[in-house]
Each structure stands twice: as structure tokens, then as C-alpha cells.
Amino acid sequence: MRAVSVQARALRPTGENLSVTRTPRTLPRTAPRSGAVLAAVLCCALAACGGSGGSHAAETSSGARGSRAASPAVSPSPSAAPAAPTLPPAPGGAVPVFSHGSRDGGKRVALTFDADMTADQGPRAARGEHFDNPGLVETLRRLKVPATVFMTGRWAEQYPDQARSIGADPLFEVANHSYSHHAFSTPCYGLPAVPRGGARADVERAFAVFRRAGVERVVPYFRFPGGCHDATVLRELGPTKVTAVQWDVVSGDAFAKQAGPVAAQVLSQVKPGSVVVMHCTRSAAPTTQEAVERVVPELRARGYEFVRVSDLVGAGAHQPGTP
């Protein structure tokens, strides 16, 4: 991929910073290591976000509220399904962070898919590059797998018919993945930063795009691009009343060449209450559909039930100190 793309390797965990929460993502073993080349690859890669939700900030933010019941909240979309549950605000009115459900609530797992789109990818889509994945969506429907799609505003603008189709299907729910897919704290895998004080506007702009496009079943959940956030941005987003959703299972589907290793990675990490991060973009995650076709029957054979993120949030956050 060209270095002009500002988003793709955020799909994969690379590490964690305790002052700036970044969701770790495993970069491909062949990723260039030199400074200039690595920066270019990161810029190109961050088009398909995601990482590990087990970060320090995520644990302290949601763990502090683990014993409090989730509360219903009005969805930001006027055409949404019945109000989805949210976590109570963190101290000081900051946005709460959810990374996985209760480990004691039965064998339930939520598959989540990030639908990324950056400013430079619109022209690339016009030239024939695919940042959607209708085959994946149809596979989820065929297998009757509920899912939560974290959609950027730009993606909904580029693929409004698909955005409406996903939102109209009761199998799915649509959550916010920002408008721009820029970094909400830095450093963040080479992503350009949201302007200082502009985080709330970026999130609200995405919700506005969903409303204009007529997207239904929009839930008040937000996923940070790259999983990157800090205490400052959590406080800034407090007035939006969203629950930030991270993850505890990294699929590794970003730029994967084979579905087998992706499926194996998911199957080796899933626990009761897990939130799995995957991607809904053929360009950056071409093997995801096949990986899902392998993961779903195996997890069902192990006794797992597939649910949406709202089902896990409604059952309560994980308890402090629970891995």
C-alpha cells in the first residue's frame, strides 16, 4: 500500500504506553524496520484500526465501574433500535471504557468489525480499491452471527447503501469509530492527530453522518482509532455520553495473507465475555471473511454464543482485577 494512506497498521498491536493508552497490535513480521520506511508503512496501514483492549487505561477505566450496573442510554440516532445500555460515567464525568464482558456470565463472545476510511482513501476507492467487504457481511448473515460494526463517518459517506443495509439488519448494530480515523492521543501508530479540543466534534460528526445517511440501530459506543486514548480525551468526550469500547482479543487480520493463522489466533485467545476486534475492509484485511468461516463453527462447537457488544455491556462490565 502507498505511504499516502494514513491508517492501517493500527490494526495490529505493537506495544503499550501507560501514559497514552494504545491497543497493542502485532505488526507483520516482514514490516520494514527503518525509521522512514516504517513511518510510511504505519501511515498506510492505519486504515484498518484495532488492537488489544487489555491496556492500563482501559482496565482502570472500566474496572472502576465493574460492580455498577450498566444503564440504558438513548442512542445518538433517531432511527436506532431500543436504547442500548452504557456504563456509568467515570470519575469527573469522563467516558467509561469497556474491554470485555463478565468472565462469569456464560460462554458469550462479541465479534466486532472496524469499517475504516481515511481522507485519502476516497479517491482510491473511486479508482477501484475496496475498503468495504460485502462478502463478510453476507457470511455473518448466512451463519446468523450477531456483530457490532464500528464505522467511521467517512466510510458511511463512501458506502451509504451498505451502511444503511447493515443498520437495517437486526442481526447487527452500528457503533462510532470517529469521523476521520485520526489519533485521539499521540503517538498512535503514525496517525495524524485530531486537533486539540476537537475530539468531541469528530465523534459527533460521525453520528451526524449516520443520521443523514439514514443508518438505523446506531448505539452509543465509540472505538478510538488505533485504540489510542488518554485521560484528557476521556474527559473531553464525557458530554457525548458514549461508552468507549476496546477489546481483549486481537484477530491479527490486518494485512494477513492467510486465514488460518488469523482464525488460530482468535481461537487461542477467546474467553467468556471476550470482545474480538476484526476489520471490514477488503483492501487492508482480505482474509477476514474466510477466518470468520473457520472461527464461528469452532467456537459454537465449544459452546460459545455470539452476541453484540450491547449484550455484553448490558450484562455488566468485568470486575476490577479480572483478566
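Rule-based calculations on the coordinates, nothing more; no lab input. Please read all numbers here as calculations on a predicted model, not as lab measurements. Ideal geometry is used to build each Cβ from the backbone, glycine not excepted, and the neighbour counts take in all protein chains shown.
In a DSSP loop and with at most 16 other Cβ atoms within 10 Å, the trypsin sites (Lys or Arg not before Pro) in the stretch 237-323 are 241, 257, 302. If R0 is 41 Å, what FRET efficiency do you get for residue 141 and residue 232 from their C-beta distance, rounded to 0.05? FRET efficiency, residue 141 to residue 232: 0.55.
Residues of the stretch 120-150 with backbone nitrogen within less than 20 Å of a virtual label 7 Å along the Cα-to-Cβ line of residue 293, please, listed as ranges. Hits in the stretch 120-150 for residue 293 at 20 Å: 130-147. Between residue 257 and residue 119, full extension at 0.36 nm per residue minus the direct alpha carbon distance yields a gain of 47.1 nm.
Cβ crowding within 10 Å, taken as a proxy for footprinting-reagent exposure, orders 310, 180 from fewest neighbours to most as 180, 310. For residue 256, nonlocal amide neighbours, meaning residues 5 or more places apart or on other chains whose placed amide H falls under 5 Å from its own, are 287.
Each label point was placed 7 Å from the Cα along the Cα-to-Cβ direction; for residue 193 and residue 165 their separation is 4.0 nm. Put a dot 7 Å past the Cα of residue 201, heading toward its Cβ, do the same for residue 103, and the two dots end up 4.3 nm apart. The stretch between residue 211 and residue 305 holds 30.8 nm of extra length on full extension. This uses 0.36 nm per residue minus the Cα-Cα distance.
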